[in-house]
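Trainee: Let me begin by handing over the structure; questions about it come next.
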Amino acid sequence: MNEFLTAAFLIPLFAAGVRMSVPLILGSVGEVVAEKTGVMNIGLEGQMLIAALISFIGAYFTGSLALGILCGGLSGMLTALISAFWCVNRKQDQSVVGIMVNLFAIGFTNFLYRAIFGVRTDRAKVEILESIKIPVLSDIPVIGEIFFDQNILVYIAVLMAVFTLYVLKRTRFGLQIEATGENPKAARSAGVRVKPVRYFGYMFCGFMAGIAGAFLSCGIVGAYTENMSAGRGFICLAVTILARWNPVLSVLAALLFGTVQALQLRLQAMGSELPYQFFVALPYIVTLLSLMLFGWNIHAPKALGKPYNEEQR
Amino acid sequence: MEKQTEEKQDNKSAFGERISRLHEEGFAKKLLIILLSVFAALLIGAVFLLILGVDPFTAYFYLLIRPFRSFSSIGELSIRLTPILLTAVGVSFAFSAKLSNLGGEGQICLGAIGMTLVGTSALGESLGAFSLPLGMAAAALFAALWAGIAGFVKSFFKASEIITTLLLNYIALQLLSWCVYYPLRDPEGNIPQSAKIAAELPRLFEGSRMNLGIIIAIAAMIIYAVVMYRTRFGFKIRVLGGSPEAARYAGIKRTRYYIVIMCLSGVFTGLAGAIEVAGTQTRLLEGLAGSYGLTGVVAALLGMLDPIGVTLSSILLAALESGSEAMQVKTGVSSLFVNMLEALIVLFILLGMSLISEPGKGLLRKKSAGREAKA
């Protein structure tokens, strides 16, 4: 047991935990905004997967990681536009459309990878993002190594969470978003245009999911592997609930899951008495249990998941 | 006065639309939309195939025509149809109550584990062919309890079943993997899989792998039709799916029904797993659930929860699934290609249906609302 409690084990563990949590932070900050406008973006997983591939393709051919990541964000946004059109304009069931987007993404990414890279044995690769040491802060023992020696997207993710909270709580636009998700009819009578706000919700969430996907392929792995989002999009949905639709709490909840994922990988590698399947399932078990313990949906926006009919008064 | 009746219609229409399904006057229109959607999806798919440098006609021949060409290929289709149909029945029960059971994959795993537990036990060996019904009962029970977790968590913790059923899938996959690596592993083999189960489902014909499972699946579909349209319980499910407010008004206890419906849903998806073991694989192995869970959902949505519609769409999807492997071998296009087709078909159908049911424009919505008001 003592081998777990050494700095040599714990510091890399938590540093990896921070890295693993980044896609969850980005995705759930996006999802918070989408759900605050009243739409559930179940297609998050699919957007993340498509963006992981597109950003990789972008980085591979332009040679620039920044451009690749941007491509990822935009492709996530474009994919979210599909959901937006079907759910906001055509008022279709948000969960059904989301499931279909996820299904589409599995087939589409497989197709696109093969169309561009063909069937080769050597895997196409890009350099991954370099870590940036924040001056002064990274010199703090332990904390510095864990939090302030990461790549740029890690910092951006946390800043985005804080910025999003600020916009939601302190600006007029944030108020409009909240009103749209709580009571679209009242928002409409107060002069808020519900459809554009909901479109924004989808597109922002898609963009964030896209960056999350880009983080996976360009940020930490440097390659694209089949189905590499591996259910992270669904964990983002759970993180959103656990964080009670607060972007900054999302960061904390995501850190928890990220650390469980990092721990799982390490325990597996160390060769424990327990079967490896237990560790693979661990993040999902923790998510499920925490949904039961803390996931009370009472803070959910009132009109979440309900299509808005302009004509219907 | 006029405004008032309009309002009434709008309130009722969502409910009316759900239960009207294919039986309404709009049948021809809906059929046209479905055919157009399939055609549009195939057209987009053809563009993708051309980009890959594959002749679309060859690919679609393997997907759509070859599965029906010979007696034995229909047998292959039937062993894929069985789990899809059973999963679709289970999922349709849940979706009828507006419960999105996306946990088909996990429930199939649990059903398969249940069947194997009985089939490889000493008791199963001694029972011979009688171990099959016992195994199916175990499968149904396991999967019902597994699905019931999601219903329970929804009822008592208000957690969305969409997320919990998906999470349960990931856990069930690992549970199955653990079973074939450790407790159920065939002691004589090197591969992580269980021993052969005591008895297999009998085949129906010589020269085809079609087995008794398909009869069970069809029976399940008939049960679904009878329960949904001929019983009080089915009516309550439909009320619950139509409008939770109406259900509360009618005195239907939502919390209890959510659990019961999820369990019922699990019974059928679990049977899919049991039959996959007892009819097709004859043992438990990893990856057994395949994509049947999600395909069942697609079948249910594509068929708009209507028994005949779901049956027809299951046949289409089974053809795609069984044809996709031949296509992969012959043309090099991954079998995942059909996922894209499936998603596009459903999206186009949703789009088409929304275009004909737009309030004020479509006739269908008013008619079904009127019918409901009379009832």
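Trainee: Could you pull out the residue among A:F204, A:F200, A:F234 that is in contact (Cβ under 8 Å) with a residue 60 or more places away in the chain, farther than 30 Å from A:T6 by Cα and either within 11 Å of chain B (Cβ to nearest Cβ) or in contact with a strand residue (DSSP E or B) (Cβ under 6 Å, 6 or more places away or on another chain) (or both)?
Mentor: A:F234
Trainee: For segment A:176-262, please list each of the helices (runs of 4 or more DSSP H) lying entirely inside it that holds at least 2 residues being within 16 Å of the chain's Cα centre (by Cα) and of a type outside the set (V, I, T).
Mentor: A:194-214, A:232-242
Trainee: Within segment B:337-375, how many residues are of a type in the set (A, V, I, L, M) and modelled with pLDDT of 90 or more?
Mentor: 11
Trainee: Hey, among B:L145, B:L86, B:L43, B:L99, which residue is at pLDDT 90 or above and not in a helix (DSSP H, G or I)?
Mentor: B:L99
Trainee: Moving to a separate point now. Which of (1) touching a residue at least 24 places away in the same chain (Cβ under 8 Å); (2) in contact with a Leu (Cβ under 8 Å, 6 or more places away or on another chain); (3) surrounded by fewer than 19 Cβ atoms within 10 Å (Cβ to Cβ); (4) assigned to a helix (DSSP H, G or I) is the odd one out, the single condition A:E127 does not satisfy?
Mentor: (4)
Trainee: Being away from chain A (no Cβ under 14 Å), farther than 11 Å from B:A143 by Cβ and either surrounded by fewer than 24 Cβ atoms within 10 Å (Cβ to Cβ) or in contact with a Pro (Cβ under 8 Å, 6 or more places away or on another chain) (or both) is the filter here; which residues of segment B:79-117 pass it?
Mentor: Residues satisfying the conditions are B:I79, B:L117.
Trainee: Would you mind finding the one in B:A198, B:A137 that is surrounded by fewer than 24 Cβ atoms within 10 Å (Cβ to Cβ), at negative phi and part of a loop (DSSP other than H, G, I, E, B)?
Mentor: B:A198 is the lone residue from the list that is surrounded by fewer than 24 Cβ atoms within 10 Å (Cβ to Cβ), at negative phi and part of a loop (DSSP other than H, G, I, E, B).
Trainee: When the residues of segment A:33-47 are narrowed to those that are away from every other protein chain (no Cβ under 14 Å) and within 25 Å of A:G219 (Cα to Cα), which ends up surrounded by the fewest Cβ atoms within 10 Å (Cβ to Cβ)?
Mentor: Here the answer is A:V33.
Trainee: Then there's this: Do any helices (runs of 4 or more DSSP H) lying entirely in segment B:246-342 carry at least 3 residues that are over 17 Å from the mean Cα position of the chain (by Cα), and which ones are they?
Mentor: B:254-275, B:307-331
Trainee: Do you know which of the residues in segment B:323-342 that are touching a residue at least 24 places away in the same chain (Cβ under 8 Å) and among the small types (G, A, S) is farthest from the other protein chains (Cβ to nearest Cβ)?
Mentor: The residue in question is B:A326.
Trainee: Let me ask something else. Read through the list (1) surrounded by fewer than 24 Cβ atoms within 10 Å (Cβ to Cβ); (2) modelled with pLDDT of 90 or more, then give the number of the only condition that B:S72 fails.
Mentor: (2) is the only condition that B:S72 fails.
Trainee: From A:I156, A:I140, A:I146, grab the single residue that is modelled with pLDDT of 80 or more, surrounded by 13 or more Cβ atoms within 10 Å (Cβ to Cβ) and over 25 Å from the mean Cα position of the chain (by Cα).
Mentor: Every option except A:I140 fails the conditions.
Trainee: Continuing with this model, one more query. Can A:V162 be described as among the β-branched types (V, I, T), out of contact with any strand residue (DSSP E or B) (no Cβ under 9 Å at 6 or more places or on another chain) and touching a residue at least 12 places away in the same chain (Cβ under 8 Å)?
Mentor: yes
Trainee: Go through A:L293, A:L282, A:L249 for me and flag whichever is free of Cβ contacts under 8 Å to residues at least 40 places away in the same chain and surrounded by fewer than 16 Cβ atoms within 10 Å (Cβ to Cβ).
Mentor: Sole residue among the options that is free of Cβ contacts under 8 Å to residues at least 40 places away in the same chain and surrounded by fewer than 16 Cβ atoms within 10 Å (Cβ to Cβ): A:L293.
The values are calculated or read from the model by the stated rules, or taken from the named source; none is laboratory data. Worth saying up front: this structure is predicted, and the values here are computed from it rather than measured. So basically every Cβ, Gly included, is an ideal-geometry build from the backbone, and we count neighbours across all protein chains shown.
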